[in-house]
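Reviewing the structure listed below.
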Amino acid sequence: MIYIKVYRVQGEVLLAACDKELLGKTFREGKLKLEVKERFYKGELVELDTLEELLEEATIANLVGERCVEKAIELGYVDENRVLRIEGVPHAQMAKMKW
């Protein structure tokens, strides 16, 4: 299960998604800090398969956790070489460019 929250602002669709067990936690490594804040990520608790249709619609995505990031890689939205890991927790961002 993952938490998802969708924001619609000025024509953009921002998707925030994180693995359920990471919600509310903070990870630090060197100067890097990743806060999986409830106010940003906690929306609807859904099955991982829901992520596919949401990523298709999203223009921007902020993803945290093994399940969320791996699914985005599998679907071709994230390059696995661009995934940031903080305390071993994967974090990826995606933006679709408009031409």
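What the table shows:
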| read-out | value |
| --- | --- |
| Some residue of the range 21-38 being in contact with a Ser or Thr (Cβ under 9 Å, 6 or more places away or on another chain), outside any loop (DSSP other than H, G, I, E, B) and loosely packed, with under 12 Cβ neighbours inside 10 Å | yes |
| Failed condition for ARG67, given (1) part of a strand (DSSP E or B); (2) touching a residue at least 40 places away in the same chain (Cβ under 8 Å) | (1) |
| Positions within the range 6-20 being surrounded by 12 or more Cβ atoms within 10 Å (Cβ to Cβ) and among the charged types (D, E, K, R), in sequence order | GLU12, ASP19, LYS20 |
| Criterion: part of a loop (DSSP other than H, G, I, E, B), surrounded by 16 or more Cβ atoms within 10 Å (Cβ to Cβ) and modelled with pLDDT of 95 or more - qualifying residue of TYR3, TYR77 | TYR77 |
| Residues of the range 1-56 that turn out to be free of Cβ contacts under 8 Å to residues at least 40 places away in the same chain and within 18 Å of VAL78 (Cβ to Cβ), as a count | 6 |
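The values are calculated or read from the model by the stated rules, or taken from the named source; none is laboratory data. Because the structure is a prediction, the values reported are computed rather than measured. Note: ideal-geometry Cβ built from the backbone for every residue, glycine included; neighbour counts use all protein chains shown.
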